[in-house]
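In what follows, a single structure is set out as C-alpha cells and then discussed.
What follows is calculated from the coordinates using simple rules that are stated; it is not laboratory data. Note that the structure is a prediction, hence the values are computed from the model and not measured. Cβ: placed from backbone, ideal geometry, glycine included. Neighbour counts: every protein chain shown.
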Amino acid sequence: MIKQFSEATQYFLNYENIERLSIKKKPTYLNKESQKKNIVNTESTLFTPYHDDKLFWIFYILKNGIEQYNLIGKNHFFIEQEEKIKHIILIRENKHILKEHKWKKNNLESNLIGDKKINLTTFFCICYLNNINICIRNNKCLYDCVNESFDAKINIIEQNKTVYSIDLNEINLEKYKIMKEKFWIINNMSKPLRTISYYKVNDLISICKKLDIPIYKKIKDKDKLLKKKELYMKISEYISF
C-alpha cells in the first residue's frame, strides 16, 4: 500500500512535481508538423466525455484522438495529472504567447493545479499551444480560437449551459468561413454583449436576425420595430454563456 501511494504521488499536481518534470524535459511551442493526429469519425459525431472535467478531456481527444481516449480506462486520474503538469511547464516556456493573447500565467497555473475543472480560458490556451483550432458553438452564438497559420482543421465544441461536447467531424477553413456567416460571433466569452451605448440600432437588428429574435411587436394590429433598448434586452435574454 505504501509503495502504491509513493508511486501515485509522482502524479500529484504540486510544484515539486512540476519542477521535477521541468528539469527532466523542457517542452517548447509545438510546430505545424507536430499536429498530425486526426480524430476518428464515428456514427454519432457529437461526443461528450464521461469524466467530470469535460473541457480537459475534449482537449485530450483533440490532441490524441478518440481511440486513445477510449483506452485510458482506470488510468484517467494519472493521465490527467501528468498532462496538466506538462502543460503548466509548456505555459511557462511560452510567456510571449500568453502576453500576446492577454492570458495570465498565474491564473492558468492556478486553474490547472487547484481546480477540479479547467475553464474556457485555460482550454483556449492549451489548445493554442498545441496548434489546435477550435470554436465554441452555443445555439446561434459562436466564439472561435482559430489561427489560420496552424494549417489545421477546425474542431467544433458544442456548449449546452455548463456541458461541453465535441463534434468528431472536423471541418476545413472554407466550410468554417461559410458557417460563421450564419452565427453571431462572440469576441469576449466572459462579456459577450457590450454596453448598449456601443451599438447602433442597425447593429442590434443584425444580431437579432442571426439569433432568430423577432425585431417587431404588434401595436394595434400593426408591426412596429422594437426600440433600441428592447432589442438589446432581447439579445441579453437570449445569451446563455
Return the FRET efficiency for the residue pair Lys209, Asn160: r is the Cβ-Cβ distance, R0 is 22 Å, and the value is rounded to the nearest 0.05.
0.45
Step through the residues of segment 186-203 one at a time and calculate ³J(HN,Hα) from phi using the Karplus curve (6.51 cos²θ - 1.76 cosθ + 1.60, θ = phi - 60°), rounding each to whole Hz and writing x for Gly and Pro.
8, 9, 9, 5, 6, 9, x, 10, 6, 5, 4, 5, 5, 9, 8, 4, 5, 5
Expected sort for Val201, Val146, Val163 with the fewest Cβ neighbours (10 Å cutoff) up front is Val163, Val201, Val146
Exposure proxy order (Cβ contacts within 10 Å, fewest to most) of Tyr143, Tyr198
Tyr198, Tyr143
Mind checking the dipole of segment 107-241: about its Cα centre, +1 per Lys or Arg Cβ, -1 per Asp or Glu Cβ, Debye to the nearest 20?
1040 debye
Loop-located trypsin sites (Lys or Arg not before Pro) in segment 199-236 whose Cβ has at most 14 other Cβ within 10 Å (DSSP)
Lys200, Lys220, Lys227
Specify which residue in the list Val201, Ile235, Ile219 is farthest towards the positive end of the charge dipole of segment 196-238, using unit charges on the beta carbon of Lys, Arg (+1) and Asp, Glu (-1), about the Cα centre.
Ile219
Would you mind checking which residues have amide H under 5 Å from Phe47's amide H? H placed 1.01 Å from N; only 5 or more apart, or other chain.
Ile166, Asp167, Leu168
Rounded to the nearest 20 debye, dipole of segment 196-238 from Cβ charges on Lys, Arg, Asp, Glu
200 debye
